[in-house]
Amino acid sequence: MRRRWLITLLLAPLLLAVVALAVYRCHTVPLSQCSEVYRQYRDMPGIQASFVKDKQINDTLSLDMTLFEAEDSAAFANLLRAFGHGEEYIRDMATLREMFAGKADALKASFTGYCLRGRPSVEGAADPAENEVISYFPVALCVAIYHTHSGDEIHAVLRKGYWGEINIHSK
């Protein structure tokens, strides 16, 4: 009887650890399946990087998205520098953050453009298939990169993003 009790006590934590690991792995995308830009900037100080698989854009389209959330304005400025923006652009974003702060839907205020796939510091190419959509949210101190693959996907993201209908903080 004592032996069974001892075996049970020893196996219970092991079983609990296996279950916890299984639950954790179910909600995590392996690094090899994350975007190139996520892998490149995920360890940046002051930045919380997230890779969202199949982010719902509209009723018929879901895309992978990489989201960078800065802890503070200094980290946001460093992220913008890493993405190839100059000091004037960084000052403009800070000014916009101040202008929008406290206003209704301020966190949805975004400025959107194109970048070359996997290279947020390089302006988009003529071929839409080579580009991704990048949105800057100065009040939220976030940058979202939508991993598009065609002109139709780009236009769908731009249509939804223009009206502030993409909630970057929900699946």
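At a glance:
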| item | result |
| --- | --- |
| ³J(HN,Hα) computed for each position of segment 76-83 - Karplus, 6.51 cos²θ - 1.76 cosθ + 1.60, integer Hz, glycine/proline x | 4, 4, 5, 5, 4, 4, 4, 8 |
| Highest to lowest packing among 55-65, 144-154, 87-97, scored as the average C-beta count within 10 Å | 144-154, 55-65, 87-97 |
| Karplus-derived 3J(HN,Hα), 6.51/-1.76/1.60, for each residue of segment 102-115, Hz, glycine and proline x | x, 8, 4, 6, 4, 5, 8, 4, 9, 10, 10, x, 10, 9 |
| Amide H within-cut-off set for Arg117, under 5 Å, with H built and near neighbours excluded | Asn131, Glu132 |
| Viscosity 1.306 mPa s, temperature 10 °C, Stokes-Einstein D of segment 116-157 from Kirkwood C-alpha radius, µm²/s | 149 |
| Shape box of segment 62-167 [Cα atoms, principal axes, largest first, Å] | 35, 28, 20 |
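None of the figures in this text is laboratory data; all of them are computed from the coordinates on show. Computed from a prediction, not measured in an experiment: that's the story for all the values here. Every residue, glycine as well, gets a Cβ built from its backbone with ideal geometry; the counts of neighbours run over all protein chains shown.
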